[in-house]
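Written below as structure tokens is the structure these notes are about.
Each reported figure results from applying straightforward, stated rules to the coordinates on display, with no laboratory input. Note that this is a predicted model, so its numbers are computed, not measured. No Cβ is skipped: glycine too gets one built from the backbone with ideal geometry, and neighbour counts run over all protein chains shown.
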Amino acid sequence: MVPELRESWWIGSVEIPSRLVLAPMAGVSVQAFRRQGRRYGAGLVCSEMVSVAGIQHGNEKTLGYLRVASDEHPLAIQIFGSDPEPMAEAARRVVAAGADIVDINFGCPVRKVTKTGAGSSLLDAPDLAERIVAAVAEAVDVPVTVKMRRGTDNGSRTCLEVGPRLVEAGAAALTLHPRSAKQLYTGTADHTLTAEFVSLVKVPVIASGDVTSRARAQAVLATTGAAAVMVGRAAQGNPWALREIMGDDAEPSREEVAAELILFMRETVRELGEHRASGFLKKFYAWYLGRGRFPKPFKQELVVLNSTEEVELRLLAAAPGAREIVERLEAELPDPATDILLDSLPISAYGGG
Ligand SMILES: Cc1cc2nc3c(=O)[nH]c(=O)nc-3n(C[C@H](O)[C@H](O)[C@H](O)COP(=O)(O)O)c2cc1C
């Protein structure tokens, strides 16, 4: 039976209210992104990869990733590292911070990460990978999951050998992005491999890669047997892709787009502070206002403005109806004064999985 996108499912003891999972993305998955993902239908959201070494050394910036708002749950926090014991200790910290699930990154192809023995390089060290999962699963009471690529080299089928071993070691679910580490984001995600993977592991599998529409999401669920699909790039500056996948109206009005962007900016300024947020947000202007929603010169104007306040004023001038929508959206969110920690939250320079 192919699951409906709106059907709930379980990872261990955690109920996930839909079959749509928002991907972890370094430099993207800030709290505003995750909360927005939940509002638009994602049943599970995930932090970007958090360095175990950073947690271990009490790096203030790294610890900033561990801030969880009440409307994010269920939330997975993803950790990366290469040593079982520090990873187990980091997992305890992550759970104490409020994670419902601890996810381990065995997918990041970026050299800065793989050269430390972490990320996708662990697919070539299955004994160590197994020990990491066992140590983390032993350390915490919440489900432990792993996100991985197919292997290092193009055409690799390493995931088919490693996946079942990680389940034996204690993984409660696995996410497969069926590209090789060498491929980075080129070519296509080969979900015929996901189908083979699903048939070999006895836990729920989340299929990641190139899911951009409801039709594609349904096809991936139907042809792979995966429990859920994960959406990454399609949701960047575009929560309406999530809405479309869930079966609701896709196209937002200009006012809705401007309002979501303004809300995203305000929340991100609270998370990162104005200085860091103003740089961080520039890529989001193009993502939100692209797709023919606003003219190109307008986007270019926003990118050169110095403060987010100026950007907000321009957006409101271009779409005055956005003001009322922002007010309504803000009224529906938990009160930031009591709910969300306002200290600066760091953005990693790494590029993920
Ligand atoms: C900018 C960027 C950052 C990413 N960061 C992470 C990360 O921190 N952890 C991770 O497991 N995957 C990361 N990924 C991989 C995504 O989670 C996802 O598996 C991949 O983008 C394929 O899905 P998509 O085609 O829906 O984007 C990242 C991808 C992108 C594009």
Taking the beta-carbon count within 10 Å as an exposure proxy, list His177, His275, His191 from fewest neighbours to most. His275, His191, His177
Highest-first arrangement of 68-79, 152-163, 246-257, where packing means the average Cβ count within 10 Å: 68-79, 152-163, 246-257
Asp249-Ala53 pseudo-label distance in nm [points 7 Å out on the Cα-to-Cβ vector]: 5.0 nm
Other-chain or far-sequence residues with amide H under 5 Å of Val50's (modelled H): Gln78, Ile79, Phe80
Determine ³J(HN,Hα), in whole Hz, for all residues of the range 173-189 in sequence, where each value follows from phi through the Karplus function 6.51 cos²θ - 1.76 cosθ + 1.60 and θ = phi - 60°; x replaces Gly and Pro. 6, 10, 10, 10, 9, x, 10, 7, 4, 4, 5, 6, 10, 7, x, 10, 6
Relative to the first principal axis of the alpha-carbon coordinates of the chain, what is the inclination of helix 191-200, with its axis defined by its Cα atoms, in degrees from 0 to 90 and to the nearest 10? 50 degrees
Where a ≥ b ≥ c are root eigenvalues of the Cα gyration tensor, a/c under 1.5 meaning rounded, otherwise prolate if a/b exceeds b/c and oblate otherwise, the range 254-334 counts as oblate
About its Cα centre, what dipole magnitude does the chain give when the only charges are +1 on Lys and Arg Cβ and -1 on Asp and Glu Cβ, stated in debye to the nearest 20? 1120 debye
Distance between modelled label sites at Glu324 and Ala219, nm, 7 Å Cα→Cβ extension: 4.0 nm
Taking the chain as the reference, fit the longest principal axis to its C-alpha atoms, fit the long axis of helix 322-332 to the helix C-alpha atoms, and give the angle between the two in degrees, 0 to 90, nearest 10. 50 degrees
Would you mind ranking Asp127, Asp210 so that the residue whose beta carbon has the fewest other beta carbons within 10 Å leads the list? Asp127, Asp210
Taking the Cβ of each residue in Phe294, Phe197 as the centre, tally the other Cβ atoms inside 10 Å and list the residues starting with the fewest. Phe294, Phe197
For the range 263-304 and the range 71-148, what is the separation of their C-alpha centers, rounded to whole Å? 31 Å
